[in-house]
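*Asks:* Below is one structure. I have some questions about it.
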Amino acid sequence: MPQTVLLHCCCAPCSSAIIEWMLQNDIRPVLYYCNPNIFPEEEYLIRKTECTRYAQLLGLEIIDEDYNHPSWTSSVQGHEQAPERGSRCLVCFRYRLLRAAECCKRLNIPVFTTTLASSRWKSLEQISVAGHWAAEQVGGVEFDDRNWRKGGLQQRRNELLRVNNFYNQVYCGCEYSLNARLPYMQKSDIRKWVKQLGKARSQSWETEQSHVICRKVISLEQWRTSSVILLYYSLPHEVNTSLLIDTAHSEGKTILLPKVVGDNLELYIYSPHSLQQGAYGILEPTGTLFTMDRYAEITLAIIPGLAFTPSGARLGRGKGYYDRLLPQLTSAYRMGLCFSYQHLSFLPTEEHDILMHSVIAE
């Protein structure tokens with residue numbers, strides 16, 4: 001009869017080779033997903049989904065612990081500025097492995113281990129200390145602290161990642177590791193990552209959050225005092241501005257919408273009956289052109305983006321349309337709209353980049 005082990009899983013790539021080895025060695029793991037450190041929640045959902053997909057493929061049980069990021073954040077208070085492999089990581093390992101040990105005892109499984117020990121980003125010594133500490137706290141269970149990087153498992157991990165087309169994360173998991181990683185990422189890599197995060201959310205979630213964000217905008221003085229407003233129709237995973245357009249129209253404001261013409265954006269006056277599908281599948285206006293000599297009339301410009309920073313840096317889709325438009329809007333208050341996972345601590349900027357005056361996120 002196969003031996004049963006509780007396997008704390010951090011992600012599918014790190015788990016796959018370990019699970020395969022266990023099954024080949026007459027060990028049947030019960031997978032335990034407890035990673036409230038992961039930030040943002042969209043990243044957590046993607047990693048959990050990948051682990052669940054792999055468990056189902058192999059017919060293995062997977063236990064999903066609640067995502068309680070505030071509790072985890074509270075546990076590492078005072079260690080926020082610690083470097084990777086520093087004191088914060090040890091506290092984090094203790095937090096997750098204590099819960100693994102408690103689950104292990106609850107299920108009457110004698111041994112638990114963790115895929116954290118397969119990651120090159122982690123300290124094996126810290127994992128061993130945290131695991132044995134957790135076992136002692138609970139009592140009646142043992143922690144297997146073997147080095148899961150040996151025996152060809154690291155190479156096999158990379159092979160299984162490709163074979164199963166796993167999502168492969170670009171940072172350890174928490175916001176502190178993300179903030180440390182972002183300054184070293186290229187714009188193209190950040191774009192790819194943020195687009196992946198967007199797939200973790202449903203259209204109904206985006207609609208609900210867009211409504212919250214738009215309500216915030218409508219409550220602002222910049223909105224109330226502006227009679228000519230530049231808006232946009234959203235692409236997938238952009239804040240939907242339908243409420244703003246409908247509200248501005250009902251309030252008698254002049255609404256401008258952009259239209260792609262060659263390499264540039266031209267602005268047209270919005271009318272509910274003068275829209276057609278244009279470039280990239282976006283609804284574009286077909287009515288009256290708002291000529292450049294009138295751009296000084298625009299007092300509020302609401303701008304889309306893949307990501308923003310609190311200081312107003314913006315990451316677009318790489319085509320440069322708004323980079324060419326924004327320098328012409330000299331009288332406009334520039335406002336970026338984004339979902340929480342698109343609100344990042346850092347974005348690479350260039351000399352020609354123009355900052356938003358404010359960014360509104362849910």
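*Asks:* Could you please state, rounded to a whole Å, how far the C-alpha centre of the range 56-103 is from the C-alpha centre of the range 142-192?
*Replies:* 16 Å
*Asks:* Report the charge-dipole magnitude of the chain in Debye, nearest 20, computed about the Cα centre from +1 at each Lys and Arg Cβ and -1 at each Asp and Glu Cβ.
*Replies:* Dipole of the chain, to the nearest 20 debye: 620 debye.
*Asks:* Also, quick follow-up: Quick check on the chain: of the DSSP beta bridges with both residues there, what percent are antiparallel, nearest 5%?
*Replies:* Expressed as a percentage, antiparallel bridges in the chain total about 30.
*Asks:* So, counting K/R as plus one and D/E as minus one, what does the shell of residues with Cβ under 15 Å around residue 300 add up to?
*Replies:* +2
*Asks:* Go through 141, 6, 18 and say which Cα lies farthest out towards the positive end of the charge dipole of the chain; charges sit on Cβ, +1 for Lys and Arg, -1 for Asp and Glu.
*Replies:* Among 141, 6, 18, the one farthest towards the positive end of the dipole of the chain is 18.
*Asks:* Work out which trypsin sites (Lys or Arg not before Pro) in the chain are exposed loop sites (DSSP not H, G, I, E or B, at most 10 other Cβ within 10 Å) and give the longest gap free of them.
*Replies:* Free of exposed loop sites, the longest segment is 151-362.
*Asks:* Could you pull out the pairs from 48/105; 122/319; 192/259; 105/192 whose alpha carbons sit more than 31 Å apart here?
*Replies:* From 48/105; 122/319; 192/259; 105/192, over 31 Å: 122/319; 105/192.
*Asks:* Per DSSP helix of 4 or more residues, -39500 (n - 2.57); summed, then divided by the residues of the chain. What does that give at 222 nm, rounded to the nearest 500?
*Replies:* After summing the helix terms and dividing by residue count, I get -11500 deg cm²/dmol.
*Asks:* Can you tell me how the range 136-255 classifies by the Cα gyration tensor, rounded, prolate or oblate, using a/c under 1.5 as the rounded cut?
*Replies:* It is prolate, given that a/c is not under 1.5 and a/b is the larger ratio.
*Asks:* Could I ask something else about it? Please list, or write none, the lysines whose alpha carbon is within less than 24 Å of the alpha carbon of residue 253, excluding same-chain residues fewer than 8 places away.
*Replies:* 216
Coordinate-derived values only; no laboratory data. All values reported here derive from a predicted model rather than from experimental measurement. Don't worry about glycine lacking a Cβ; one is built from the backbone with ideal geometry, like all the others, and counts go over all protein chains shown.
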